[in-house]
Structure formats: C-alpha cells, structure tokens
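Colleague: Sharing a structure, written as structure tokens. Questions coming.
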Amino acid sequence: MHPTPSTTGEHLVIVGNGMAGHRLVEALLARPQRPARITVIGAEAAPAYNRILLSPLLAGEMEREALTLRNADWYAEQGIELVLGERVETIDRAARRLTTDAGRTLAYDRLVLATGSQPARPPVPGLDLPGVHVFRDLDDADALARAAERGGSAVVIGGGLLGLEAAEGLRKQGQGKRGMAVSLLQRDDRLMNRQLDVTAARLLENELRGRGLDIHTDAELECLEADEGGHVCAARLADGTRLAADCVVVAIGIVPNTELGRRAGLEVNRGVIVDEWLTTSDPAIHALGECCEHRGATYGLVEPIWRQVEVLAERLCATGTEKVAGYVEAPTATKLKVSGVALYAFGPTEPEPDHEVLSYRDPQQGDYRRLLLRDGRLEGAVLYGDTAAGPWYFEQALAGRDLGACRPALLLGAADAQALLDDAATDSPTSPVKEAA
Ligand SMILES: Cc1cc2nc3c(=O)[nH]c(=O)nc-3n(C[C@H](O)[C@H](O)[C@H](O)COP(=O)(O)OP(=O)(O)OC[C@H]3O[C@@H](n4cnc5c(N)ncnc54)[C@H](O)[C@@H]3O)c2cc1C
C-alpha cells in the first residue's frame, strides 16, 4: 500500500541513494504529506546500504546482506522510482531538468543533492598505481577483501577512525582466512588526534601494536613505488623508511562531492552551501549529508545528518502555512568500531586555560577517563576501556547541566554521579519534596 501522497503533485528527485538520501526517503514516507512523485537516482549499483558497517564487513565480522537498508522491491512497493548505477551529470536549473551519464533526462519540481563525499588523496607520486585503494563503498570493501585474502603486506595511510578500521579489517580479514601484515602511517604524533588526548591515543596505539599492527606516527609519506609490472610495491617516507606494500589504502579524510552543484552554478565552498532548512542558493534545490556545508561546517558522521534529514523532510512536506524549525549545529560524540577496543570521545582534545581537568586511570584494567569542565559544566570527555558512562556524560554536556553537586562521583560512572545529582535536587530548598515536607 502506498502512503497517502500530498496534494501538491510535485515531483521530488533525490540525487544519491546513500545514507542521507535513503534516510530522507524513509522520513518522507513517515509523513502524511509526502511529495506525490519521488525519484531516487544513485550512482552505485546496489540499493542503499549501511556504509558504517563496511568496517565490520571488511573485518569478516558481518555478512554483506546485513548491510542492505531496503531492496529495490521495497522502493517499488512505496511507489518510488529507483534508478541505480546512473550518475547525474548536469542540472539545468532554468528548465528544472537533469541528465544522467546514461543519457536519461528527468524534469523535477524540487531536487535534493545527497551525493556524499569522496576520499581525499594526498598529492604524492604513485597514488594512481594499481594496488592503491580507498575505503568508501562496497566495491572498495570487495577489492580490499580480495587483496587481504592473497595475504602479503599492506600500508594504510591515515590514523583516523577510517584508517584504523581499514587497518584492523585487513589484518584480521575473514577470521581464519589469511589477512595481511599491516603498517599504518599517521602524520600527526598520535592516532585519532582529532578525538583523543595523548594518554588515550597511546593506550590505543599500545593495544593495536600488541595485535601486530605496525604503527608509524609523525610519518610523512614521500611516494609510493611500483614493481617491474607497474603494481604498487612499497611506500617510502620522508625519513627514508621503506615499507613493503602489496596493497595501499588511502584514508586521510574526505572531500564533499560538490562538482554537480558547482557545474549547475550553485553557491559552493567546501560543500554545497545550505541554510538552516538545507536549501541551496537555488530555492528549488536542497542539499544534505556529507556534500553540504552549513555555516562553515561540513560533515563526516551520521548523527548530524540524521537531524538534517528530519528538518528537510519536514520542509519538503510543509504545506506552506506551518513554520518548520531549522537545523542547528550540535556537538557529536565519536566511537571506534574496532572489536575489542572501546573508546568514546567528544569535545576538545586539549584543555584550555580555564578548563578544570578531572582524570582517572586504572592501568590494570586498561581504563582511562578524562573530563574537561568549565564552571562545573562538562565540555569534553575521553573514555578508553570502560566507556559505559560515555553517553551519560554526553547527555550532561548537551544539556549544559551544572555538575557541581556530583563532582566527587563524576569519574566513577553514570549511576553514582546521577545519584548525587538526584540527592542534590531532593535537598534543594525549591524542590517539590522539600516544600511538601
Ligand atoms: C568505512 C566507513 C565507516 C564509517 N563509519 C562511521 C561510523 O562509525 N559512524 C558514523 O557516524 N559515520 C561513519 N561513516 C561515515 C558515514 O558513512 C557517512 O557520514 C554517511 O554515509 C554520509 O551519508 P551521505 O548520504 O551524505 O553520503 P553517502 O552515504 O556516501 O551517499 C552518497 C551517495 O551518492 C552517490 N552519488 C554521488 N554523486 C552522485 C551523482 N552525481 N549522481 C548519483 N549518485 C551520486 C554516491 O555514489 C553515494 O552512493 C563511515 C564511512 C565509511 C566509508
């Protein structure tokens, strides 16, 4: 059964059947006033899948089918036209018409760009050699899994979330299959330098080294070398180190896919620029997810994208009279998906002069916690080992709650700290309990 379409008769076209584009479809279908006609065009051959799970897929911890969000039949059942394996190449904004690389032309009333991003590539010689990979989609994961099955050595460039997950995936690929001897290059002096302080980064490094990962920090890649057959065979660093590599993975960051918007004459900076209703410089065109830029911010995690989806769905289904609340930037927390390693972090990695720093370390258990407070309010946390309290800390930080009352128990975990907060609320002269007494 199709949900009741709106009476507007509008044709909405969504470019990109990735995580943002698909989630938008689900959000539109959940609303009574969905646009009457929806077409989704995706460049990848497979219908939308959970990209986040590419890491456990590569590590052999998950089956490919488990990644699928919805199959093509589901789209058909919802009355949505799904075009896969075609890339939108041009947008004629005056005619409100787009063209794909297969020569298909399609008219739209409203257009959503959900084109995501692509891996950034460092400008070093040898990057185009066969055997050099990125880690972005199912095809990449397949290619990496095939390389890992052949065994040999791999070099992963980038010690952030994605690089670490790729390195661990290649090392232990397929559990029982061969896996690779993996070296990881990190330009900074520590792993995950955007999320972790030095102590947590060292704990992580020691754990991964113990598993057999060869980690090089402060590493400056100079070039990739080819063997006689023209295939990559080594990575050379600025200090002269030469690391054998049958396979190289580049994971140094992402670049928003803005080319389509740029060619169409939309306002583009690092991403396609949008306002708080995810509207581009053309009122008929919206953008969301990793391809967009809002007030100077671009995106690399799904949490803010989910909030963008809700705003845009509301906007696209609005009848014109109601006021739609705009998208507001909010902090995000980070987790690493490497099995056996638990870490949780948000906020600044380094304390500022007026931050109060609370930390706790249990070397035997491998636990570490460091909190940054300003005027009794939590602004940042790094948890390694026991991360159970992470979401509670994050909730307190988002709420801007004064944690003075539970300060003695703050490092002990959520239950103890919350109990003290509850006690303080009960004892407060303005609390209802006190008044009743
Ligand atoms: C291996 C991996 C692990 C990750 N782990 C996490 C995690 O643990 N937590 C987290 O929050 N985030 C994680 N991310 C990031 C998360 O996957 C992205 O933030 C999210 O996928 C962004 O959604 P998106 O729709 O903007 O982009 P995408 O999901 O990349 O979707 C964009 C789609 O648009 C298509 N497209 C591009 N141009 C065109 C065109 N011209 N015409 C038609 N189609 C086009 C692309 O092919 C793609 O399918 C991970 C990413 C990767 C690669």
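Colleague: One residue is enough: does the stretch 82-97 have a residue meeting the conditions on the phi < 0 side of the Ramachandran plot, among the aliphatic types (A, V, I, L, M), in the same structural domain as Glu310 (by TED's automatic domain parsing) and touching a Phe, Trp or Tyr at 6+ places or on another chain (Cβ under 6 Å)?
Modeller: yes
Colleague: Give, as residue ranges, the strands (runs of 3 or more DSSP E) completely inside the stretch 353-415 that count at least 2 residues that are within 23 Å of Ala425 (Cα to Cα).
Modeller: 367-374, 377-384
Colleague: Continuing with this model, one more query. Show me the strands (runs of 3 or more DSSP E) found entirely inside the stretch 229-289 where at least 3 residues are over 30 Å from Arg307 (Cα atoms).
Modeller: 232-237, 242-244, 247-250
Colleague: Exactly one condition in (1) under 30 Å from Arg96 (Cβ atoms); (2) touching a residue at least 60 places away in the same chain (Cβ under 8 Å) is false for Cys247; which is it?
Modeller: Result: Cys247 fails condition (1) only.
Colleague: Same structure again: Within the stretch 220-239, track down each residue that is of a type in the set (Gly, Ala, Ser) and open to solvent by less than 70 Å² (accessible area, probe 1.4 Å).
Modeller: Ala226, Gly230, Ala234, Ala235, Ala238
Colleague: Return the pair list, or none, for Cβ contacts closer than 8 Å from residues in the stretch 216-232 that are farther than 23 Å from Leu164 by Cβ to residues that are surrounded by fewer than 17 Cβ atoms within 10 Å (Cβ to Cβ), at least 6 apart or on different chains.
Modeller: What qualifies is Cys223/Val124; Cys223/Pro125; Glu225/Arg242; Gly230/Pro130; His231/Pro130.
Colleague: Looking at Leu312, is it within 14 Å of the ligand (Cβ to nearest atom), in a helix (DSSP H, G or I) and surrounded by 14 or more Cβ atoms within 10 Å (Cβ to Cβ)?
Modeller: Judged against the criteria, Leu312 is a match.
Colleague: Name the residue, out of Leu358, Leu373, Leu301, Leu398, that is among the hydrophobic types (A, V, I, L, M, F, W, C) and crowded, with 17+ Cβ neighbours inside 10 Å.
Modeller: Unique residue meeting the criteria: Leu373.
Colleague: Continuing with this model, one more query. Where the second residue is away from the ligand (no atom under 16 Å from the Cβ) and in a helix (DSSP H, G or I) and the first is of a type outside the set (Gly, Ala, Ser) and lies in the stretch 300-329, which pairs have Cβ atoms under 8 Å and are six or more apart or on separate chains?
Modeller: Val324/Glu314; Val324/Arg315
Colleague: If only one of Ala48, Ala30 is of a type in the set (Gly, Ala, Ser), assigned by TED's automatic domain parsing to the domain that holds Glu77 and crowded, with 18+ Cβ neighbours inside 10 Å, which one is it?
Modeller: Matching residue, one of Ala48, Ala30: Ala48.
Colleague: Just one of (1) of a type in the set (A, V, I, L, M, F, W, C); (2) open to solvent by 20 Å² or more (accessible area, probe 1.4 Å); (3) touching a residue at least 24 places away in the same chain (Cβ under 8 Å) trips up Ile273, so point out which.
Modeller: Looking at each condition in turn, Ile273 falls short on (3).
Colleague: Of everything in the stretch 95-117, what is open to solvent by 20 Å² or more (accessible area, probe 1.4 Å) and outside any strand (DSSP E or B)? Give them in sequence order.
Modeller: Ala95, Arg96, Asp101, Ala102, Gly103, Arg104, Asp109, Thr115
Residue-by-condition table, conditions (1) within 16 Å of the ligand (Cβ to nearest atom); (2) open to solvent by less than 20 Å² (accessible area, probe 1.4 Å); (3) closer than 22 Å to Val341 by Cβ; (4) in a loop (DSSP other than H, G, I, E, B):
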position	(1), (2), (3), (4)
Ala147	yes, yes, no, no
Ala154	yes, yes, yes, no
Leu196	yes, yes, yes, yes
Ala200	no, yes, yes, no
Leu204	yes, yes, yes, no
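Colleague: One residue is enough: does the stretch 124-139 have a residue meeting the conditions assigned to a helix (DSSP H, G or I) and not hydroxyl-bearing (Ser, Thr, Tyr)?
Modeller: Within the stretch 124-139 (the criterion being assigned to a helix (DSSP H, G or I) and not hydroxyl-bearing (Ser, Thr, Tyr)), the answer is yes, since at least one residue qualifies.
The values are calculated or read from the model by the stated rules, or taken from the named source; none is laboratory data. The model shown is predicted, which means the values in this text are computed figures rather than measured ones. Glycine gets a Cβ as well: all are built from the backbone with ideal geometry, and neighbour counts include every protein chain shown. We work out accessible area using only protein heavy atoms, side chains counted, and drop any ligands, DNA or RNA first. Shrake-Rupley method; radii C 1.70, N 1.55, O 1.52, S 1.80 Å.
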